[in-house]
1. Between V170 and V40, what is the label-point separation in nm under the 7 Å Cα-to-beta-carbon projection?
2. Quick one: if you stick a label point 7 Å off each Cα along the C-beta vector at R100 and T224, how many nm between them?
3. Using the per-residue mean of other Cβ atoms lying within 10 Å as a proxy for protection, in what order, highest first, do the peptides 162-174, 104-116, 230-242 fall?
4. How far is it, in nm, from the label point at A233 to the one at V128 when both lie 7 Å from their Cα along the line to the Cβ?
5. What length, rounded to one decimal in nm, is gained on full extension from I178 through to L18, with 0.36 nm per residue of separation minus their alpha-carbon distance?
6. Using a Förster distance of 25 angstrom, determine the FRET efficiency expected from the C-beta separation of S86 and W192, and round it to 0.05.
7. What does the charge count near Y109 come to, summing +1 for each Lys or Arg and -1 for each Asp or Glu among other residues with Cβ under 14 Å from its Cβ?
Amino acid sequence: MMFSTQWSVHEIAKRQFLFKINANAPIFTMLIVLQIIATVFMGGASTSGYESWDDPFSFTYTTVSNDGQIGLTMFWALIVGFLLTSAAQRNESFAFVTNRLTYQLANFYFFCTAALLGGVTTVMLGSVMKIITLVVSKGVIETAGLFSAPGDFFAQIFVMTAYTLLLMLVGYTIGIFIQLSRLFIMLFALIWMAFTQFSFFMLSADDGGLLHFFYGETSILLFTIKVLVAAAALFGISFWVTNRLEVRNP
C-alpha cells in the first residue's frame with residue numbers, strides 16, 4: 001500500500017525558511033560583528049555644559065546616541081536583501097518541491113525574522129551604551145527605558161524592525177531587477193544620483209522628501225499602515241519580476 005503526503009504552501013515555505021536560517025547563519029554573525037564595531041568605535045557620546053561667571057550654578061551633561069548602530073544595521077539590512085537574490089540562493093530552493101510562491105514566502109519569513117533580530121539588538125545596544133556611560137561617568141541618567149517607559153521602548157523596537165524590513169525589501173527588489181537585466185545597474189545608479197542631488201535637501205522639510213514620509217509620521221497607526229503598504233508593494237514587485245526569471249540559473 002502506498003501513501004502520499006500533500007504539503008501545504010505554508011508547510012513548504014516554512015521548511016525552506018528553516019533551511020535558509022541554517023544556511024545563512026553567517027549573516028546574523030555579521031550583524032553582531034557590525035554592532036560591536038559600532039559600539040566600540042562609533043559610540044555617539046557628546047559632552048556639553050553650562051557655566052556663567054555671574055551664576056554660581058553650573059553643570060555638565062553627556063548625550064549618548066546609538067546612531068552608529070542604527071546606521072550599520074540599516075546598511076546590513078540592505079546588503080542582506082541584495083544577497084538573497086543571488087543565483088546560489090535561488091538554486092537552493094530546488095532541494096524542495098517548490099514554486100515561486102513558496103520561494104518568495106520563505107524569503108519574506110526570513111526577512112521578518114532578520115529584521116526583528118536587527119531591531120531588538122539595535123535598541124538593546126542603546127541600553128547597553130547607557131549602562132556603560134553610567135558606570136564610566138558615575139552620574140545620573142535621565143532616559144526612557146523598559147521599566148520607566150515600556151510603551152516607548154517597545155515602540156522603538158517596532159519602528160527599528162519596520163525600517164530594517166523595508167530596507168531588506170528594497171535591497172531584495174533592486175537585486176531581483178539586476179538579476180533580470182544588468183542594465184538596471186545603470187538605471188538604479190542614475191536614480192540614486194538624482195535622489196541624492198535633488199531630494200536629499202528636502203528630507204528634513206515638513207512637507208517634502210520620501211524619507212520624511214516615514215520618519216516624519218507621528219501616529220504609530222499611520223506609520224504601520226505606510227510600512228505595510230510599502231512592504232506589500234515591494235513584495236508584489238519582486239514576486240512579479242521573479243516570475244520572469246529563468247527557472248534555474250547556473
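1. My value for the distance between the label points is 2.9 nm.
2. Placing both labels 7 Å along Cα→Cβ, they lie 3.2 nm apart.
3. Values: 162-174: 23.2, 104-116: 21.2, 230-242: 16.4.
Most protected by this proxy first, the peptides run 162-174, 104-116, 230-242.
4. 3.6 nm
5. Values: separation 160, 0.36 × 160 = 57.60 nm, distance 2.64 nm.
Stretched fully, the I178-L18 segment lengthens by 55.0 nm.
6. On the way: r = 21 Å, r/R0 = 0.84.
Calculated transfer efficiency: 0.75.
7. On the way: positive: K14, R15, K20; negative: E11.
Every neighbour counted, the sum reads +2.
Only the coordinates and a few stated rules stand behind these numbers; no lab work does. What you see is a predicted model, and the numbers here were worked out from it, not measured in a lab. Using ideal geometry, Cβ is built from the backbone for each residue, glycine included, and neighbour counts are taken over all protein chains shown.
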